[in-house]
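To start, the structure under review is shown below, and the notes come after it.
The values are calculated or read from the model by the stated rules, or taken from the named source; none is laboratory data. Just so it is clear, the model here is predicted, and its values are computed rather than measured. Virtual Cβ from ideal backbone geometry, glycine too; neighbours counted across all protein chains shown. Protein only, heavy atoms only, side chains kept; ligands, DNA and RNA dropped before computing areas. Shrake-Rupley method; radii C 1.70, N 1.55, O 1.52, S 1.80 Å.
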Protein chains: 4
Amino acid sequence: MPDKREKRLIALLSGPDRRGIVARLSGWIFERGGNIIHADQHRDREEGIFFQRIEWDSMSGDLEAETSAFRKYASELGMEAWVALPDHLPAFAILVSRFTHCFHDLIQRWRAGEFRCRLACVVSNHEVVRGDCEHYGIPFFHVPVPEGGKEEAEARQLDVLGREKLDFVVMARYMQVLSPRFLERIGCPVINIHHSFLPAFVGGKPYHQAHTRGVKLIGATAHYATPVLDDGPIIHQDVVRVSHRHGVPDLIRKGRDIEKIVLSQAIAWQLEHRILVYGRKTVVFD
Amino acid sequence: MPDKREKRLIALLSGPDRRGIVARLSGWIFERGGNIIHADQHRDREEGIFFQRIEWDSMSGDLEAETSAFRKYASELGMEAWVALPDHLPAFAILVSRFTHCFHDLIQRWRAGEFRCRLACVVSNHEVVRGDCEHYGIPFFHVPVPEGGKEEAEARQLDVLGREKLDFVVMARYMQVLSPRFLERIGCPVINIHHSFLPAFVGGKPYHQAHTRGVKLIGATAHYATPVLDDGPIIHQDVVRVSHRHGVPDLIRKGRDIEKIVLSQAIAWQLEHRILVYGRKTVVFD
Amino acid sequence: MPDKREKRLIALLSGPDRRGIVARLSGWIFERGGNIIHADQHRDREEGIFFQRIEWDSMSGDLEAETSAFRKYASELGMEAWVALPDHLPAFAILVSRFTHCFHDLIQRWRAGEFRCRLACVVSNHEVVRGDCEHYGIPFFHVPVPEGGKEEAEARQLDVLGREKLDFVVMARYMQVLSPRFLERIGCPVINIHHSFLPAFVGGKPYHQAHTRGVKLIGATAHYATPVLDDGPIIHQDVVRVSHRHGVPDLIRKGRDIEKIVLSQAIAWQLEHRILVYGRKTVVFD
Amino acid sequence: MPDKREKRLIALLSGPDRRGIVARLSGWIFERGGNIIHADQHRDREEGIFFQRIEWDSMSGDLEAETSAFRKYASELGMEAWVALPDHLPAFAILVSRFTHCFHDLIQRWRAGEFRCRLACVVSNHEVVRGDCEHYGIPFFHVPVPEGGKEEAEARQLDVLGREKLDFVVMARYMQVLSPRFLERIGCPVINIHHSFLPAFVGGKPYHQAHTRGVKLIGATAHYATPVLDDGPIIHQDVVRVSHRHGVPDLIRKGRDIEKIVLSQAIAWQLEHRILVYGRKTVVFD
């Protein structure tokens, strides 16, 4: 079976659960000459919602028309469908402040081809990564956020980020809270890495909070940013063991490694169209 | 959507990969009024094999006929199919020697209803768990394996185990190597727990081997027993951290916990019909 | 070097940090013919407190006098010292309700000799483990806690538990909150297992809370019970990965395994005199 | 207590176990006005060897004399001692080939100040990291290893590496086997990262080996290079879960993350003088 990667379509669907959905969707694809490579489903029985991710090889010569027809068919079944086209190379931007470990980790993964995407630009309220961005050939924009100047700064950020169609934005330890207005206007998902095991230690200085409480594990959480701080749908989490020996600087150092792992995994899933959000939760078809 | 558990069918299929398999199988189920609850697939591209697990609610009044028809249809697609009937309560037996932590762990899980199955009997070459079996109301058979008396002992074991139709047998730290002849004649899968991260430390005294090598993690491996010692298809593995502080007795003690976790998880998957074996490997649809 | 286990002393010390403490304590032991087997220290630099655990083989014929002299010397250095005598077999009691997985896990470990201690008795507000206690030969006391009858029930519990000198009490998923008065009068540490990663999901039904929040890891926390619910010093924590596939019953089932692991590890450390409490934190010399 | 970091000494000792060692060493330090900050010990009872790591603040104005006296005293006790001076900034070199994820990870950690050391140079049999080394200001040497030209290449490597006193060398996925002659002449420890859980999958293409065997976890091992391939004393290991879904490229991708974590942790311990080697094992005082 030849791998016709150029024709691979990936659909994410959700809607009210009903009998026969799995068979109908795969039947539709089959009748049009498609070959299902992988299909995964989930039912939230409490909410009565059905979720599906389907990957298939399409024989169609006109993929735009094909996805349009697919969405129409899904809609007749009461489902919302989103389809990724194979020749679309996703684009994302990075927001970063002074802690640059996640930034460097993402950049090296991106340079190594681990992420199949375009890195549109890097925006920072500091100058620390300008030199590296120039070395790596990534557009860099310095947008300072002075005391009381957040609204203006966000306007500039929106201006810079709005120059191209972004698929998502990554807050790689960007230490400013984004306003509800920004999140509304950015028009694409924003992935944040919070340096604690949410919902423990919401807000500022979570490693200090963790140290004060005397926990034996510290965590990191990748989630979609929402207007409520550190409350958005969780994509991925991980923890690492600590002990009484570890002071706050040790927690910060140990935490860096899980922040990098958790954030990069969330981005990989985002790029592979594996995440469906509903309410405050995510379905991750990994 | 009412949960008609009594009509839930689970099929495991494998065969040569070909276009349209996913759609055809789900179409067949749909046409006969079935509703697919979950379906998972895997392709081994090197070997060109397709694997699927489908769970569906059947409307059929005659499930025997339904599964028979399903197997026939699968066979026309070149697939081998195995179907679990909802009213079949699986039965298994435990082989155990003198280290009884896995035995006790399994028994308590079984008593708590964690495993939906019947525990047909316990067979041991020692007497240590007789009293507990009697307390728990589980048939116990003492089959000693004296030096040079293995063939005879295995004949007795086969006799005892053959009194009922077993779905699988569990070696819960049974410290005797089962002969190829036994494995052939037992007629059902045999799951073994090996106290190392296979393929490291095959054979006897793996914790001693691990200590000698100075590893920093020790492991446990649940696998299907085959005629080649510790070489069968791996179902599940886990590890736990150790250090220079841990002598062999510490490794044994720490290892007990992962042996229990790994073996009980393998049994849970076996009971939920999540494991397909091919060659020296497993597909675990978890 | 012969292993004179019968003469092994273990001291836990804490007090204001000052120069020379390590050398002075080891010098004192050496001068009296003792041989230090292991010594571990910790400094909380923010609080200026020094902690130490010393294990040594004493040559003294009168260990009571020896430990008394040791405590006196430590006190001259400004330290509080606690010394475990080798011929003291610790005793503990278990409180349990209807979820018995931790109870069974502890019992099997205790029966297997994993814990070097005496199990004084089991107290439950239900009858479910009476039969097992009788089989295992463990004194069982049924103390129901009817609506509004908690004070009386706690009086009976204190009466039962007070019949022997307990070193600690274990709440093995005991589903009643112990009153401050009980904790004060019991006169020994009480170890609780909470079925979440504290401080996330304090209070009742933490698995339901975790499911609602959509976390990707669930946890368990062993801590000392204090008058403030789920707020006591944390001894040990662990987590296990979950996904959108796992409903509340799955979280409960998966959580059982980490509850058992975390609670049994906390008890092992308690028995080996590895835990020092200060404020809301613990030092665990593992 | 002021933190006199400039006077902090760290000693690693090993030798035949005997009574009173802990007390004698701490007594010696105390008598000379030193204050022990942390001391950790280990006994290998089978081999009768005692190991210790002591960190203390010395009052001495002449640290060279002090360490010399300490080593002399240790030698009288039959111990070999190694002492790190506070004003010595360790230097190391990196060997790297075409897989550069470990290289980039180490460089970013080093740039962020995570490693307190000097990066003397990078030596590679390829040109791929030359541009990055120049950007970061790190001396880069290209030493190709043509078929049959290994001896000559190693001579050049030794020449380049011998220009300064190195404390250790790191093989950051350097894909050439170093000859016994090289290891002997380099005159410092060489830390290698092997991309499997040793001793499973020694030698080439371990991810392919792991895939063929169907393991459910893959690992990485940091160890000291010895003349026997992948057989040296293990410093650190970790694993990550894989499934039937993961082909060899997935194992390679997932493995990169644990390779980075494991190698960087080993280097951190090396820099903090936490590792003692004996025979084929390590004691890691973490």
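So that you can scan it fast, the table gives a plain yes or no per residue for (1) in contact with a strand residue (DSSP E or B) (Cβ under 7 Å, 6 or more places away or on another chain); (2) under 22 Å from residue D:16 (Cβ atoms); (3) modelled with pLDDT of 95 or more:
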position	(1), (2), (3)
C:3	no, yes, no
C:12	yes, no, yes
C:16	yes, no, yes
C:21	yes, no, no
C:26	yes, yes, no
C:32	no, no, no
C:35	yes, yes, no
C:38	yes, yes, no
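With the condition kept exactly as written, say whether any residue in the range D:86-95 is among the aromatic types (Phe, Trp, Tyr) and either outside the structural domain of residue D:273 (by TED's automatic domain parsing) or within 21 Å of the chain's Cα centre (by Cα) (or both). Taking every residue of the range D:86-95 in turn, at least one turns out to be among the aromatic types (Phe, Trp, Tyr) and either outside the structural domain of residue D:273 (by TED's automatic domain parsing) or within 21 Å of the chain's Cα centre (by Cα) (or both).
Looking only at the range B:97-118, decide whether some residue is open to solvent by 10 Å² or more (accessible area, probe 1.4 Å) and more than 14 Å from every other protein chain (Cβ to nearest Cβ). Yes, the conditions are met somewhere in the range B:97-118. All conditions in (1) outside any loop (DSSP other than H, G, I, E, B); (2) within 8 Å of another protein chain (Cβ to nearest Cβ) hold for residue C:199, with the sole exception of (1). The set of residues in the range C:25-44 being open to solvent by 30 Å² or more (accessible area, probe 1.4 Å) and at the interface with another protein chain (Cβ under 7 Å from one of its Cβ atoms) consists of C:30, C:38.
Set side by side, the residues B:164, B:151, B:127 differ, and just one is closer than 20 Å to residue B:185 by Cα, at pLDDT 95 or above and either outside the structural domain of residue B:264 (by TED's automatic domain parsing) or acidic (Asp, Glu) (or both), which is B:151.
For the range B:204-214: of the residues being open to solvent by 20 Å² or more (accessible area, probe 1.4 Å) and not β-branched (Val, Ile, Thr), which is farthest from residue B:167 (Cα to Cα)?
Step one: filter the range B:204-214 for residues open to solvent by 20 Å² or more (accessible area, probe 1.4 Å), giving B:204-205, B:208-209, B:211-212.
With the extra rule that they be not β-branched (Val, Ile, Thr), the set shrinks to B:204-205, B:208-209, B:211.
Numbers: B:204: 28, B:205: 30, B:208: 34, B:209: 34, B:211: 37 Å.
Once the filter is applied, the top-ranked residue is B:211.
Going by the structure shown, is residue D:60 small (Gly, Ala, Ser), surrounded by fewer than 18 Cβ atoms within 10 Å (Cβ to Cβ) and touching a Lys or Arg at 6+ places or on another chain (Cβ under 9 Å)? Answer is yes for this residue.
Hey, can you tell me all the residues within the range D:45-64 that are in a loop (DSSP other than H, G, I, E, B) and within 11 Å of chain B (Cβ to nearest Cβ)? Walk me through it before giving the result.
At the first step, the residues of the range D:45-64 found to be in a loop (DSSP other than H, G, I, E, B) are D:45-48, D:58-62.
Correct list: D:45, D:46.
All of D:109, D:173 fail the test of being in a loop (DSSP other than H, G, I, E, B) and farther than 30 Å from residue D:22 by Cβ, apart from D:173.
Could we say that residue C:191 is more than 13 Å from chain A (Cβ to nearest Cβ), open to solvent by less than 40 Å² (accessible area, probe 1.4 Å) and in a strand (DSSP E or B) here? Yes: the conditions hold for residue C:191. Regarding residue A:116, is this residue more than 30 Å from residue A:28 (Cβ to Cβ) and either charged (D, E, K, R) or outside the structural domain of residue A:40 (by TED's automatic domain parsing) (or both)? Answer is no for this residue. Restricting attention to the range A:127-150, and to residues there that are open to solvent by less than 50 Å² (accessible area, probe 1.4 Å) and assigned to a loop (DSSP other than H, G, I, E, B), which single residue is farthest from the other protein chains (Cβ to nearest Cβ)? Of everything passing the filter in the range A:127-150, A:149 is farthest from the other protein chains (Cβ to nearest Cβ).
Looking at D:40, D:105, just one residue is in contact (Cβ under 8 Å) with a residue 40 or more places away in the chain, out of contact with any Pro (no Cβ under 6 Å at 6 or more places or on another chain) and in the same structural domain as residue D:252 (by TED's automatic domain parsing), and that residue is D:105.
Residue-level check: of (1) open to solvent by 10 Å² or more (accessible area, probe 1.4 Å); (2) among the aromatic types (Phe, Trp, Tyr); (3) within 12 Å of chain D (Cβ to nearest Cβ), residue C:82 misses just (3).
In the set (1) under 17 Å from the mean Cα position of the chain (by Cα); (2) outside the structural domain of residue A:131 (by TED's automatic domain parsing), the condition left unmet by residue A:74 is number (1). When residue D:167 is tested against the conditions (1) touching a residue at least 40 places away in the same chain (Cβ under 8 Å); (2) open to solvent by 70 Å² or more (accessible area, probe 1.4 Å), the lone failure is (2).
For the range C:75-87, the criterion of being in contact with a Ser or Thr (Cβ under 7 Å, 6 or more places away or on another chain), within 20 Å of residue C:265 (Cβ to Cβ), of a type in the set (Asp, Glu) and at pLDDT 95 or above is met by none of the residues. Of all residues in the range B:85-96, how many are closer than 20 Å to residue B:187 by Cβ and open to solvent by less than 50 Å² (accessible area, probe 1.4 Å)? Total satisfying the criteria: 7. Listed conditions (1) outside the structural domain of residue A:29 (by TED's automatic domain parsing); (2) more than 21 Å from the chain's Cα centre (by Cα); (3) free of Cβ contacts under 8 Å to residues at least 40 places away in the same chain are all met by residue A:98, apart from (3). Among the conditions (1) surrounded by fewer than 24 Cβ atoms within 10 Å (Cβ to Cβ); (2) among the aromatic types (Phe, Trp, Tyr); (3) without any contact (Cβ under 8 Å) to a residue 24 or more places away in the chain, the only one that residue D:182 does not satisfy is (3). Scanning the range A:215-244 for residues that are open to solvent by less than 10 Å² (accessible area, probe 1.4 Å) and of a type in the set (Gly, Ala, Ser), we see that the one that is farthest from the chain's Cα centre (by Cα) is A:219. Of all the residues in the range C:11-42, those that are under 18 Å from residue D:40 (Cα atoms) and assigned to a helix (DSSP H, G or I) number 9.
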